[in-house]
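**Student:** Below are the structure tokens for one structure; questions will follow.
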Amino acid sequence: MASSPSLLPLISLLTLAVSLSPLPTAAAITLALSPVPKPQFTNPWQKLNHLAASSLTRAHHLKKPSLTKTPLSPHSYGGYSVSLSFGTPPQTLSLLMDTGSSLVWVPCTHRYFCSRCDFPNLSPANTSFFIPKLSSSAKILGCKNPKCVWVLGSDIQSHCTDCDPKSENCTQICPAYGIQYGSGSTSGILLSETLDFPDKTVEDFVIGCSIFSIRQPSGIAGFGRGSESLPGQMGLKKFSYCLVSHRFDDTAASSDLVLAGGSDSGERKTQNLSYTPFFTNKLSSNSAFQEYYYLHLRKITVGGRRVKVPYRFLVPGTDGHGGTILDSGTTFTFLAREAFEVVAQEFENQMAHYIRAADVENQSGLRPCFNISGEKSFLFPEFVFHFKGGAKMSLPVADYFSFVGDSSTVCMTLVTDGVVGPEIAAGPSIILGNFQQQNFYLEYDLENERLGFRKQICK
């Protein structure tokens with residue numbers, strides 16, 4: 001955890017906020033969910049290699065997060081963003097929607113600085129900032145505020161050295177947060193603000209006011225299972241989305257992110273969904289794992305054949321490592337090497353009559369790839385995740401194979417350790433990324449602790 005006195009003069013010290021307001025009515029809120037702009041590359045192999053590398057970087061973070069309560073994702077340029085408005089009057093910013101972390105944070109003040117953020121199509125000069133001094137509802141979170149614990153942990157009170165332990169009155173602010181993750185980081189202080197929607201206002205909403213970041217040109221909307229997440233602070237019963245297909249260009253496209261939090265919203269069952277339960281990983285000593293959406297994966301089949309993935313990769317072991325999570329911040333689905341090898345080998349066996357494109361595999365970092373330029377027709381084995389409760393997620397072919405270049409080559413869009421960086425045995429073994437979530441309606445039923453899904457063309 002980082003703390004810097006230089007952060008404090010950047011924001012006026014206002015009165016402290018303590019109470020939390022729940023979502024007031026039963027009406028659902030619908031927001032536009034858009035793919036994050038992607039960088040341009042001179043050839044398609046660079047594009048796929050970038051996406052594979054960023055997916056692995058993200059997987060390394062989720063598997064072995066830093067010693068802070070909330071892990072945050074790097075922009076993978078394969079994520080999805082949502083516009084949220086904070087303050088009085090409202091200031092609107094575009095944030096990466098991330099189910100793998102919980103804190104909602106924004107680039108804050110005109111002095112926000114992002115190091116190594118000169119990405120193609122994403123200039124730091126175009127970053128939108130939240131300006132606390134322009135908001136009459138902005139309050140710095142105090143050290144005695146219970147919400148300070150959400151982000152900085154239960155031992156934070158030991159850092160409130162200027163507070164009288166016998167009194168609730170204290171002028172010391174909640175210490176600055178510093179979050180390391182993946183290929184970047186962010187740091188700042190916590191604010192209490194209003195979260196504004198067209199017909200609703202959520203008061204005393206905790207956001208991170210980040211002053212300095214590395215490789216983080218924009219903020220993150222955390223949708224994880226922590227108390228500081230957007231669903232947690234709003235008291236949502238469920239939220240849902242349907243991700244439009246990746247085009248990896250700047251074509252304008254969006255789909256709906258629906259937030260439901262009323263008294264009867266959790267009781268209304270969405271039609272034609274397959275359900276599988278969530279569960280909390282309480283076995284690991286790393287509290288970050290408790291914020292992930294774990295699923296009970298029973299088996300994986302390729303072309304109707306069960307792939308022999310060791311059980312320890314499907315569900316967490318007694319040490320809390322292993323298992324399967326759902327993550328909107330990862331692009332390509334990650335599988336631990338031993339699990340990946342048996343899946344890739346099964347595809348290679350069933351597609352052995354096609355020509356392998358070894359050169360593309362070497363350049364893209366993906367495997368297997370096939371040259372189909374001379375094929376009149378091309379058949380792909382069905383790829384299915386089988387979950388507890390009988391739910392089967394049969395992926396559309398476009399969710400696990402992608403054309404490369406002039407459409408003469410296709411590559412499997414799953415990744416594993418060892419391609420970028422060392423293998424990490426800790427943490428989740430399988431991370432279902434957003435590329436494999438495309439054209440599925442996904443409903444996070446928080447009240448009933450389950451995931452509902454169905455195939456759907458997302459518009």
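**Student:** Kindly list, by first and then second residue, each pair from a residue in the range 425-447 that is aromatic (Phe, Trp, Tyr) to a residue that is open to solvent by 10 Å² or more (accessible area, probe 1.4 Å) and assigned to a loop (DSSP other than H, G, I, E, B), limited to pairs with Cβ atoms under 6 Å and residues at least 6 apart or on different chains.
**Tutor:** Partner pairs satisfying both residue conditions: Tyr441/Gln456.
**Student:** When you check Asp327 against the structure, is it acidic (Asp, Glu) and open to solvent by 30 Å² or more (accessible area, probe 1.4 Å), yes or no?
**Tutor:** no
**Student:** If you scan the range 83-121, which residues turn out to be among the hydroxyl-bearing types (Ser, Thr, Tyr) and touching a residue at least 60 places away in the same chain (Cβ under 8 Å)?
**Tutor:** Within the range 83-121, Ser85, Thr88, Ser94, Thr99, Ser101, Ser102, Thr109, Tyr112, Ser115 qualify.
**Student:** Filter the range 189-236 down to the residues that are crowded, with 24+ Cβ neighbours inside 10 Å and of a type in the set (Val, Ile, Thr) and list them by number.
**Tutor:** Val206, Ile207, Ile220
**Student:** Another question about this same structure. Among the residues of the range 366-408, write down those that are at negative phi, open to solvent by 60 Å² or more (accessible area, probe 1.4 Å) and in contact with a Pro (Cβ under 7 Å, 6 or more places away or on another chain).
**Tutor:** Lys388
**Student:** Could you list, in sequence order, all residues of the range 61-105 that are of a type in the set (Phe, Trp, Tyr) and either farther than 17 Å from Tyr293 by Cβ or at pLDDT 90 or above (or both)?
**Tutor:** Listed by number, the residues that qualify are Tyr77, Phe86, Trp105.
**Student:** Sticking with this structure for a sec: Go through (1) surrounded by fewer than 18 Cβ atoms within 10 Å (Cβ to Cβ); (2) modelled with pLDDT under 65 for Lys47 and report which single condition fails.
**Tutor:** The failed condition is (1).
**Student:** Still on this model: With the structure loaded, tell me whether Gly322 is assigned by the TED database to the domain that holds Thr409 and open to solvent by 10 Å² or more (accessible area, probe 1.4 Å) or whether it fails that test.
**Tutor:** Answer is no for this residue.
**Student:** Evaluate the following for Gln363: is it modelled with pLDDT of 95 or more, open to solvent by 10 Å² or more (accessible area, probe 1.4 Å) and assigned to a helix (DSSP H, G or I)?
**Tutor:** no
**Student:** Is it true that Val309 is part of a loop (DSSP other than H, G, I, E, B), of a type in the set (Val, Ile, Thr) and open to solvent by less than 50 Å² (accessible area, probe 1.4 Å)?
**Tutor:** Yes; evaluated as a whole, the condition is true for this residue.
**Student:** Considering each residue of the range 320-360, count those that are over 20 Å from Gln436 (Cα atoms) and in a strand (DSSP E or B), and give that number.
**Tutor:** Total meeting the criteria: 2.
**Student:** Hey, among the residues in the range 82-105 that are in a loop (DSSP other than H, G, I, E, B) and more than 15 Å from the chain's Cα centre (by Cα), which one's surrounded by the fewest Cβ atoms within 10 Å (Cβ to Cβ)?
**Tutor:** Pro89
**Student:** Please enumerate the residues belonging to the range 268-292 that are modelled with pLDDT of 90 or more and of a type in the set (Val, Ile, Thr).
**Tutor:** Thr276, Thr280
**Student:** Related question: Quick one: which of Leu257, Leu236, Leu243, Leu295 is out of contact with any helix residue (DSSP H, G or I) (no Cβ under 9 Å at 6 or more places or on another chain), modelled with pLDDT of 85 or more and farther than 28 Å from Asp319 by Cβ?
**Tutor:** Every option except Leu257 fails the conditions.
**Student:** I'd like the residue in the range 430-450 that is in a strand (DSSP E or B) and open to solvent by less than 10 Å² (accessible area, probe 1.4 Å) and, out of all such residues, is nearest to Tyr400 (Cα to Cα).
**Tutor:** Out of the qualifying residues, it is Leu432.
The values are calculated or read from the model by the stated rules, or taken from the named source; none is laboratory data. In this text, all values refer to a predicted model and were calculated from it rather than measured experimentally. Heads up, the Cβs are rebuilt from the backbone with ideal geometry, glycines too, and the neighbour counts pull from every protein chain shown. What goes into the accessible areas is simple: the full protein's heavy atoms, side chains included, and nothing from ligands, DNA or RNA. Shrake-Rupley method; radii C 1.70, N 1.55, O 1.52, S 1.80 Å.
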